[in-house]
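These notes are about the structure you will find just below.
The values are calculated or read from the model by the stated rules, or taken from the named source; none is laboratory data. Just so it is clear, the model here is predicted, and its values are computed rather than measured. Glycine also receives a Cβ, built like all others from the backbone with ideal geometry; neighbour counts cover every protein chain displayed. Quick note on the areas: whole protein, heavy atoms, side chains included, nothing else; ligands and nucleic acids left out. Shrake-Rupley method; radii C 1.70, N 1.55, O 1.52, S 1.80 Å.
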Amino acid sequence: MPSQSEKKGKLYIVGIGPGSVEQLTVHARDVILNADYVLGNDTYLDQIEELLTTQNIYRSSMGKEVDRAKEAVKLAENNVAVMVSGGDANVYGMAGIVIEVAESNNLDVEIEVVPGVTAMLASASVLGAPVVVDAATVSLSDLLTPWEVIEKRLSAAADAGFIISLYNPKSRQRTSNFERAIEIIRKFREDSVPVGLVKNALRGDEQEYIVTTLGEVLEYNDWVDMRTAIVICNSDSRIWNSPNGDKIITPRGYHRKYEY
């Protein structure tokens, strides 16, 4: 067994952003290119396939996060191991479970979390300027969080006037949570409040988006899936029919002090 001074291991947990190599940070790209091992689920590894040249690759499927984390921790003892995570690794990503497993296994090599562009920010860039004030992210997946807790968080965020970004709105197993979430938010907000839905944000030709209102968003219920991020705005927000398509503006407050 090599001594601590002989170990060359390091563990990176890398957010790869929206899903295109162009949206990676420079540091994330360098870390992946220079890794001994790159671990991730099939979807995320496919998105960065052009960077996977000489590295050893560990693939697994959705739902195998704990197994993936254990393998990453084991490999990192004597190798440079990179766990890739969609978006940002701290926003419903792999950072939590990997670091928990590292803690329980007393991993004694350096761990670095490399940030990435999360879905709320990727979708906001497509929609214009909807997220420029206080905002909250809420995942509608009740796989690990009880629905009762999700309901409380939705109600609190909606009542407080936060811009709300909904993650994981629908899956094959969870078909009603998005509709239930909208019903909760409508108790606190007017139906005229702008809502943006973005599918495959910043993924080139795959990207699609819709600008609508809280009162009409459920008309697009069948369009929403796990690749869709939703931004629900507040009473100050408005829809701009710009020359480049409908956009959302949430004023930050400059108009109260300045003329423009």
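For the stretch 164-205, a tally of residues being of a type outside the set (S, T, N, Q) and open to solvent by less than 50 Å² (accessible area, probe 1.4 Å) returns 21. Answer yes or no: is there a residue in the stretch 49-70 that is under 18 Å from Ala119 (Cα atoms) and at pLDDT 95 or above. No, because not a single residue in the stretch 49-70 is under 18 Å from Ala119 (Cα atoms) and at pLDDT 95 or above.
One line per residue, one yes/no per condition, for (1) of a type outside the set (Ser, Thr, Tyr); (2) part of a helix (DSSP H, G or I); (3) touching a residue at least 60 places away in the same chain (Cβ under 8 Å):
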{"site": "Val133", "(1), (2), (3)": "yes, no, yes"}
{"site": "Val138", "(1), (2), (3)": "yes, no, no"}
{"site": "Pro169", "(1), (2), (3)": "yes, no, yes"}
{"site": "Phe178", "(1), (2), (3)": "yes, yes, no"}
{"site": "Ile184", "(1), (2), (3)": "yes, yes, no"}
{"site": "Gly196", "(1), (2), (3)": "yes, no, yes"}
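Screening the stretch 70-108 for residues that are small (Gly, Ala, Ser), in contact with a strand residue (DSSP E or B) (Cβ under 7 Å, 6 or more places away or on another chain) and surrounded by fewer than 23 Cβ atoms within 10 Å (Cβ to Cβ) and picking the one that is nearest to Tyr167 (Cα to Cα) gives Ala95.
Please verify whether Lys257 is over 30 Å from Leu143 (Cα atoms), of a type in the set (Lys, Arg) and touching a Leu at 6+ places or on another chain (Cβ under 9 Å), treating the condition exactly as stated. The answer is no for Lys257. Residues in the stretch 46-97 that are among the aliphatic types (A, V, I, L, M) and either part of a loop (DSSP other than H, G, I, E, B) or under 16 Å from the mean Cα position of the chain (by Cα) (or both): Ile48, Leu52, Met62, Met83, Val84, Ala89, Val91, Met94, Ala95, Ile97. Of the set (1) farther than 21 Å from Ile232 by Cβ; (2) open to solvent by less than 60 Å² (accessible area, probe 1.4 Å); (3) not in a strand (DSSP E or B), all apply to Val113 but (3).
Restricting attention to the stretch 27-43, does a residue exist that is open to solvent by 10 Å² or more (accessible area, probe 1.4 Å), in contact with a helix residue (DSSP H, G or I) (Cβ under 8 Å, 6 or more places away or on another chain) and under 30 Å from Arg252 (Cβ atoms)? No, there is no match, as no residue in the stretch 27-43 is open to solvent by 10 Å² or more (accessible area, probe 1.4 Å), in contact with a helix residue (DSSP H, G or I) (Cβ under 8 Å, 6 or more places away or on another chain) and under 30 Å from Arg252 (Cβ atoms). Report yes if some residue within the stretch 122-135 is among the acidic types (Asp, Glu) and over 25 Å from Trp240 (Cα atoms); otherwise report no. No.
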